[in-house]
Amino acid sequence: MKKNRDGKDSENLFKILSSLNGEEEFRLFFEDLCTFKEIEQMAQRVRCAEYLLKGETYIQIMEKTDISSATLCRISRCIQHGSGGYNKLLAKMLED
């Protein structure tokens, strides 16, 4: 199978995601797109990002979530130096 290096697959995925309306459509799409474990891992990363944004330490987060230090470090780097996705979206959630 030839790899898609022109980004069209990713572009198409982002278009589909942006067209989804509401939590129910997202849930249905992700249940078809991803395995249960993949969804669980993404949810764990979001929860850990939330803990980091609230000021919790790596040790506290790893005890609560059983996430690896390597994954937690990657999440932290994304929060500090990434595109801003965690910060922007979770800031809205933390306000509520």
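Considering Cα pairs under 8 angstrom that are at least six residues apart, work out the relative contact order of the chain and quote it in whole percent. Mind showing how you got there, number by number?
Values: 34 pairs, mean separation 18.2, N = 96.
Reported as a whole number, the value is 19 percent.
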Helix-only CD estimate at 222 nm, as mean residue ellipticity for the chain, using -39500 (n - 2.57) per DSSP H run (n ≥ 4): -24000 deg cm²/dmol
Kyte-Doolittle mean at least -1.0 and Cα axial length at least 18 Å: DSSP H helices in the chain: 36-53
Heavy-atom surface of the chain, accessible at 1.4 Å and reported per residue (Å²): 80
For the chain, the longest site-free run once trypsin sites (Lys or Arg not before Pro) in DSSP loop states with at most 12 other Cβ atoms within 10 Å are removed: 6-53
Projected area, mean over directions - the chain, Cα convex hull, nm²: 8.0
Percent accessible area from carbon and sulfur atoms, the range 1-83, protein chains only, probe 1.4 Å: 53
Neighbourhood charge, 15 Å Cβ-Cβ cut-off, centred on S69 and excluding it, Lys, Arg +1 and Asp, Glu -1: +1
Debye, to nearest 20: dipole size of the range 1-76, +1 on Lys, Arg Cβ, -1 on Asp, Glu Cβ: 400
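The values are calculated or read from the model by the stated rules, or taken from the named source; none is laboratory data. This one's a predicted model, so the numbers in the text were calculated from it and none came from an experiment. Glycine also receives a Cβ, built like all others from the backbone with ideal geometry; neighbour counts cover every protein chain displayed. Just the protein is used for accessible areas: all its heavy atoms, side chains included, with ligands, DNA and RNA removed. Shrake-Rupley method; radii C 1.70, N 1.55, O 1.52, S 1.80 Å.
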